[in-house]
Every structure is written in C-alpha cells, then in structure tokens.
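Colleague: Just dropping this structure here.
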Amino acid sequence: MLAAVLVLLFLVAPVGAEAQEPGRIPRVGILHTIPPAATFQAFKKGLQELGYTEGQNIHLEYRWTDREPEGLPALAGRMGESRFDVIVAISSGAARAATKAAGIIPVVFCAVGEDPVRAGMVSSLARPGGNSTGTVTLIVELEAKRLELLKEALPGLSRVAVLWNPSGLHQRTLPEIEAAARRLKIVVIPVEWKGPGDSEPAFQLASRQRAGGVLALTSPQIMLAGEQIARVALKYRLPTAGMEAGFAEAGNLLQYGPDRTESCRRAAYYVDRILKGAKPAELPVEQATKFELIVNLKTAKALRLTIPASVLTRADRLIE
C-alpha cells in the first residue's frame, strides 16, 4: 500500500520539483510574440542577480510567434507538452495562452497589461490559487495620468481622440479617461481601433473631429503597431501618447507607464522561488511600482511643437 502511494505522489508531482534533483539543470521556457528583446534581457539580468548563469545552472529556451499573437495558443500548447520546469510568459497574450496550456508546469508572467483576475489567470492578486503568478503593469488610473501629461505637453489641447479596443479591457478604462477629461475641460472623441488596418480611418476621423491630440489606450495590438501608428499620426499631424514599451521610440510623441523591463526583471524572483519549491498559488502577484516618462523630441520638432520645460524636466528620457 505504501509503495502504491509513493508511486502516485511521484506521478502527480509538479514538473518544477525536478529542479531539486542533484546535478540536473532546470529548464525554463520563455514565451512571447516577438524575438528576444529588452524584456528578455531584463529577465536574464534578474536571474544573474540571483546567482544563475545560463548554461551552467539554468537552461533558457525562447519561443516566439514572430509578432503574430494568434499563434500563441498553439505554441503554448507545445511548450506545455515539453518538460520545462517553469514557463515565463511575457505580455498579456502569452500569459493567457500559457496559463491555459501549461498544465502542471508553473507559469510566471510579466509585463501583463490587463487584470489577471478578470482574464481568469489567477483567483486573486494576493493568493493566485492556481499554477500561475507573476507581475502586472496594468494600472487603470495611469490612462488618466497620460491624458494629463498630454494636456501639459499641449497646453491648448481641448479635444482628444482616444483609440480604444472594444475587446473588453477598455470598457473599464474609458470611464476613467472621460472623468479626467471633464476635470481638464477636454472633449473626448472615442475612436474604435481593433488593429493596424484601423489606423488610417481612425486618424482620419480624429482629424475630421478637430482633435488636437490622440491617446492610444493600452493593448497588445497597440504595442505591435507602434511604428505604424507613429507614421499615420505624423501624416495627420496629431501628437500621440501611449504606454506601450517602445511607443515613443517608434516615433510617437509621449510614452508614460510602468517599466516593462523592471516587471520582467522581477519575474526572475518568482522563477527562483518556484525552482526552490514554492507554489505559484501562494506567491502574490506584484503590481508595477516603477514608471517612466519618455518624450520624443524628434517627433515634437517634426510637428513643430515646443514641449514645456515642466514636462521635459520630469522626463526620464528624451529622444533627440
């Protein structure tokens, strides 16, 4: 009877427990939509700070879908069938896909720009309760802060177009934006944006509605279309602000939001805890605490804008 119980315990033991086997190097799979980028490098840096050296005491395997989010579920499914000790999912789409497909493999997510509770990834932030945990960058109130910064950068701003995705996430953020706009005496023009194909008609509509600026709400699609949005925004001479990583580098005027690289550096802490025996269900989800403001002065010059010193002095980085 005892032998049968021991066999059963072995069969249901989490894959992450294998890392405790003497001489075995744990395997960590990283899932994202883009090739290895700054977020992945930040994760590696976090591991190094904790004493991990790739190829010596940890093995990392990076998988991506080449900017095609719809390919994430299939790729996550194949990763779930592999013998990874932990899967690290970078971005909201990767986190959703990995959580559904990983099975008993622990999932650590980072740079997630949506509520993981509403998305069904965890039961609560304090006690995730399942096999996933990590760090999130979504803070609804920041959308209003971005509007305030856009107003400060453009003192004469009275009408702003808001690019929003009707998929569900922005149903919560639009009321925050509208409330902030009333305080700032700004008229909000909601403009649906489901993907890159909507950029030209969206900016056409914003221009017809006499918008003086554009606020792009947070979404994975916006992140992947940053360069295209910047080109169309410049064509219609509309200063644009957003949160997504690389948004200002892509050519848009303003970027303000959580530091996604810091979120992924912190993911290394979760991986370390799990490899040492902790359960994801008992590791609270962390919210972002580090934020950055980036101003693209090249774009400001192209738009013939003079950004007030009050904004420039608070910027963490200026692109010149």
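Colleague: Give all pairs with beta carbons closer than 8 Å in which a residue from segment 135-147 that is touching a residue at least 40 places away in the same chain (Cβ under 8 Å) meets a residue that is acidic (D, E); count only pairs at least 6 apart in sequence or on separate chains.
Modeller: T135/E286; V136/E114; V136/D115; V136/E286; L138/E114; L138/D115; E143/E176
Colleague: Moving on. Could you please let me know if L238 is closer than 17 Å to A300 by Cα, assigned to a loop (DSSP other than H, G, I, E, B) and in contact with a helix residue (DSSP H, G or I) (Cβ under 7 Å, 6 or more places away or on another chain)?
Modeller: Judged against the criteria, L238 is a match.
Colleague: For segment 50-89, which positions are in a helix (DSSP H, G or I) and either under 17 Å from the mean Cα position of the chain (by Cα) or among the β-branched types (V, I, T) (or both)?
Modeller: P69, E70, L72
Colleague: Considering only segment 263-290, state which residues are touching a helix residue (DSSP H, G or I) at 6+ places or on another chain (Cβ under 8 Å), surrounded by fewer than 21 Cβ atoms within 10 Å (Cβ to Cβ) and in a helix (DSSP H, G or I).
Modeller: R266, Y269, D272, listed by residue number.
Table: residues versus (1) assigned by TED's automatic domain parsing to the domain that holds K194; (2) more than 24 Å from E178 (Cβ to Cβ).
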{"site": "P73", "(1), (2)": "no, yes"}
{"site": "A76", "(1), (2)": "no, yes"}
{"site": "V86", "(1), (2)": "no, yes"}
{"site": "I105", "(1), (2)": "no, yes"}
{"site": "G113", "(1), (2)": "no, no"}
{"site": "S123", "(1), (2)": "no, yes"}
{"site": "N131", "(1), (2)": "no, yes"}
{"site": "K145", "(1), (2)": "yes, no"}
{"site": "L157", "(1), (2)": "yes, no"}
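Colleague: Which members of segment 185-198 meet the condition of being in a helix (DSSP H, G or I) and either within 19 Å of L174 (Cα to Cα) or of a type in the set (A, V, I, L, M, F, W, C) (or both)?
Modeller: Correct list: D198 only.
Colleague: So if I check each of G130, G93, which one is surrounded by 24 or more Cβ atoms within 10 Å (Cβ to Cβ) and either closer than 21 Å to V295 by Cα or at pLDDT below 95 (or both)?
Modeller: That would be G93, the only listed residue that is surrounded by 24 or more Cβ atoms within 10 Å (Cβ to Cβ) and either closer than 21 Å to V295 by Cα or at pLDDT below 95 (or both).
Colleague: Restricting attention to segment 209-224, which residues are in contact with a Leu (Cβ under 9 Å, 6 or more places away or on another chain) and either at pLDDT 75 or above or farther than 15 Å from W164 by Cβ (or both)?
Modeller: Those that are in contact with a Leu (Cβ under 9 Å, 6 or more places away or on another chain) and either at pLDDT 75 or above or farther than 15 Å from W164 by Cβ (or both): A211, G212, G213, V214, L215, A216, L217, T218, I222.
Colleague: Here are the criteria: (1) assigned to a loop (DSSP other than H, G, I, E, B); (2) in the same structural domain as L163 (by TED's automatic domain parsing); (3) out of contact with any Pro (no Cβ under 9 Å at 6 or more places or on another chain). Tell me which single one L305 does not satisfy.
Modeller: So the condition that L305 fails would be (3).
Colleague: I'd like the residue in segment 96-111 that is of a type outside the set (A, V, I, L, M, F, W, C) and not in a helix (DSSP H, G or I) and, out of all such residues, is modelled with the highest pLDDT. Walk me through it before giving the result.
Modeller: Just the residues of segment 96-111 that are of a type outside the set (A, V, I, L, M, F, W, C), to begin with: 96, 99-100, 103, 106.
Now narrow it down to the ones that are not in a helix (DSSP H, G or I): 103, 106.
Working: G103: 89, P106: 97.
Per the stated criteria, the residue is P106.
The values are calculated or read from the model by the stated rules, or taken from the named source; none is laboratory data. Given the structure is predicted, the values throughout are model-derived calculations rather than measurements. Quick reminder, even Gly has a Cβ in these numbers, built from the backbone with ideal geometry, and neighbours come from all protein chains shown.
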